[in-house]
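Written below as structure tokens is the structure these notes are about.
The values are calculated or read from the model by the stated rules, or taken from the named source; none is laboratory data. Fair warning: this is a prediction, and the values are worked out from it, not measured in the lab. Methodologically, a virtual Cβ is constructed for each residue, glycine included, from the backbone with ideal geometry; neighbour enumeration extends over all protein chains shown. Just so you know, the surface numbers come from the protein's heavy atoms only, side chains and all, with ligands and any DNA or RNA stripped out. Shrake-Rupley method; radii C 1.70, N 1.55, O 1.52, S 1.80 Å.
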Amino acid sequence: MVCIFAAPMANTAFAQEKYAKEYEKQGDKAFASGAYTQALEYYTLGRKFLKQNINLMYKCGETCLKMNDYDKAEYWYQKVLIESEDQNINQKYPLLYLHLAQSAISNGNIIQAQSFLNTCLLDCNDIEIRKQCKKELEKIDWIVSNSDIQNFNITNLGKNINSETSELNTFVLRDSILVFTKPTYKTKTTKKQTYYTDIYNQVHFSYIDEYYYTPANLLNWGDINKKKTDVSDLFLDTVTYTAYFTYTKTKNNQKISQIYYSTLNKKTNKWSKPQIFKPLEDDKHSYTHPVIAWNNNECIMYFASDRNGGYGNMDIWYIDMQDQNATPINCGPTINTIGNEITPFYYGNDGELYFASDTHHGFGGFDIFRSEGSKQRWHQVENLLKPINSSANDMYPFIVDSDEEGYFTSNRVSENNIDNKTCCNDLYRFNSKLPLTPTMNTIVEKQTEGFNPAYDLPIELYFHNDSPDAGSELTTTNLSYKDCYDMYRSLSNQYKVNRTKGLDDSTANEKLAEIDDFMNNKLTKNYDKLNSALDYMIDHLQKGEKLTIQIRGYCSALYETDYNFKLAERRIVSFENYMRSYKNGVLKHYMETQAEDGKKLLEIEHLSIGKLESTSPNPTTLEEKRRSIYLPEAMNERRIEVKVIQVRH
């Protein structure tokens, strides 16, 4: 019997490995050519034949990182760590921990990222990788020190402007016309899928009507838009009525961008034929993002380029527009770094250069910065901070009024992005005074009346296993619930890879959906509800009322009964710590001041239930205990509940 079946089984295994390798080979070709979506499809197909292929998992992670799908990249990298039995995984994939950390930072998971980077420093001997790890750790320190949110409204310009594809750069003309870049394409739909072909960036415009943006249309300024050519980065010099823009073409599988211009004849109201900007003509390097700056009759063009003589990859340069023999000059090391500086905008009223950089200290990929000065003399660069910048890529600043209003481009999480929530760029507006900006086809939902205990209780606040202060025998903690929430949220992909270990893709997708549902609809929604409840408390306390709240603490079946009572109490204390720190500590006074009835103005009643009401499995072996952490039963039991918020009379 063994002899009869051994050959077919071996042949089947051989065939599966052969198919997997062929798909991997095709994926590698697509990856090398920059066709990352296609590469990911090939790698995924290869995994159907060899689902435990660690190499394909790693390549899925690398591809997702290239696609700016930070969440899935982090998932695949963590899956490599969880499913690999190789004790020297960092030697086989020396960039694994670094790329995992960079994905985590772009996801806003800096706690996890810090751990990955420290592990990389312990295991990796490559000097350059170690240098990058140390720089990322410095970035994390900077992020922690600059986490306060500045007082700006950030508004997505809506579906009249933004779509499921990427929109780029803005130019506002006479406060009434928004000019920007948007792709055009053809579609072919089958029963299973829609295919996009002939995709080219073209310049579009929209009318700004008070707080509305009309549907986008192709810009009809002469022949600026050109068929089968990527056209972008339009800037209009309103002194000479010359439009500068970028044409990007592919040559030998490499994209080369060059700056062109077209001038409006005011008498005939016609635009001249686009011509290349001769002083920067170069078929070996790219020149992008032209912007004109006038200062005391002096005219300068700032632009970004990877030409020789820079400090890094893409640098910001300038050229004197009034000198026919002028050559480009680098803006210097205050602005430029060993990385990439792109998308300059010069705001002449304040003499400030705004630009994007992926190397100056920031929150993720590209952040927006500014520096006062001109040419090669600049003050220290300043990060515009949150909420203008985010853990994603933020670029293309256009300033309407310094410190008040402007536009930018970002691939932060958007409702326009469905499968890959950070795949594509949208256009945003920031302002410090104006109301939020709807668009003509945006449905503005009626605002809720705020928190109401009758409808919104209980509030369920969830915790990672043995959090806070794992292993502690104390009933107190210095951590706040926000610390616990941030850590739990950052572990989303760790939960996913542990729940899907060894599963086929179909079953794994069900488990992934369960984790996403918990993280979004339980963990995050209840955290948001908590903040609304705290605002409700502040409002009533400031009116002179007294409040009593009741909190219960729960644990899963893991650990002994006595320990779980202490753990439940620590969880309640973390909630109190968060209350004390909320909105600069406004609640602390009420929590510590005694009222005439002998209770605190804000009285908090504890009830630690521990695991007395747990129905989750009680694991016995080490492996069962480890796996139980990620089961939905245990995830739902590790919580505290705000059961009652009562006004005392």
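Here are the numbers for this structure:
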read-out: All positions within region 552-577 that are within 27 Å of Glu624 (Cα to Cα), among the charged types (D, E, K, R) and within 35 Å of the chain's Cα centre (by Cα); value: Glu569, Arg570, Arg571
read-out: Single residue of region 580-603 satisfying the filter (free of Cβ contacts under 8 Å to residues at least 60 places away in the same chain, more than 37 Å from the chain's Cα centre (by Cα) and surrounded by 16 or more Cβ atoms within 10 Å (Cβ to Cβ)) that is farthest from Tyr563 (Cα to Cα); value: Tyr590
read-out: Hey, Ala513 part of a helix (DSSP H, G or I) and loosely packed, with under 12 Cβ neighbours inside 10 Å or not; value: yes
read-out: Odd one out for Glu623 among (1) free of Cβ contacts under 8 Å to residues at least 12 places away in the same chain; (2) in contact with a helix residue (DSSP H, G or I) (Cβ under 6 Å, 6 or more places away or on another chain); (3) within 25 Å of Tyr554 (Cβ to Cβ); value: (2)
read-out: Identity of the residue in region 531-578, open to solvent by 30 Å² or more (accessible area, probe 1.4 Å) and in a loop (DSSP other than H, G, I, E, B), that ends up nearest to Pro468 (Cα to Cα); value: Tyr559
read-out: Selection status of Lys267, farther than 16 Å from Ser371 by Cβ, at pLDDT 95 or above and part of a loop (DSSP other than H, G, I, E, B); value: no
read-out: From the options Ile276, Ile316, residue that is under 19 Å from Arg377 (Cα atoms) and either β-branched (Val, Ile, Thr) or in contact with a Pro (Cβ under 7 Å, 6 or more places away or on another chain) (or both); value: Ile316
read-out: Yes/no for Ile515 being within 30 Å of Ser628 (Cα to Cα) and under 36 Å from the mean Cα position of the chain (by Cα); value: yes
read-out: Neighbours by Cβ (under 8 Å, 6+ apart or cross-chain): first from region 531-543, under 20 Å from Pro458 (Cβ atoms); second open to solvent by less than 20 Å² (accessible area, probe 1.4 Å) and assigned to a helix (DSSP H, G or I); value: Leu534/Met579
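So that you can scan it fast, the table gives a plain yes or no per residue for (1) open to solvent by less than 50 Å² (accessible area, probe 1.4 Å); (2) in a loop (DSSP other than H, G, I, E, B); (3) at pLDDT below 90; (4) of a type in the set (Phe, Trp, Tyr):
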| residue | (1), (2), (3), (4) |
| --- | --- |
| Ile388 | yes, yes, no, no |
| Phe408 | yes, no, no, yes |
| Cys424 | yes, yes, yes, no |
| Arg429 | yes, no, no, no |
| Thr437 | yes, yes, yes, no |
| Thr442 | no, yes, yes, no |
| Lys446 | no, yes, yes, no |
| Tyr455 | no, no, yes, yes |
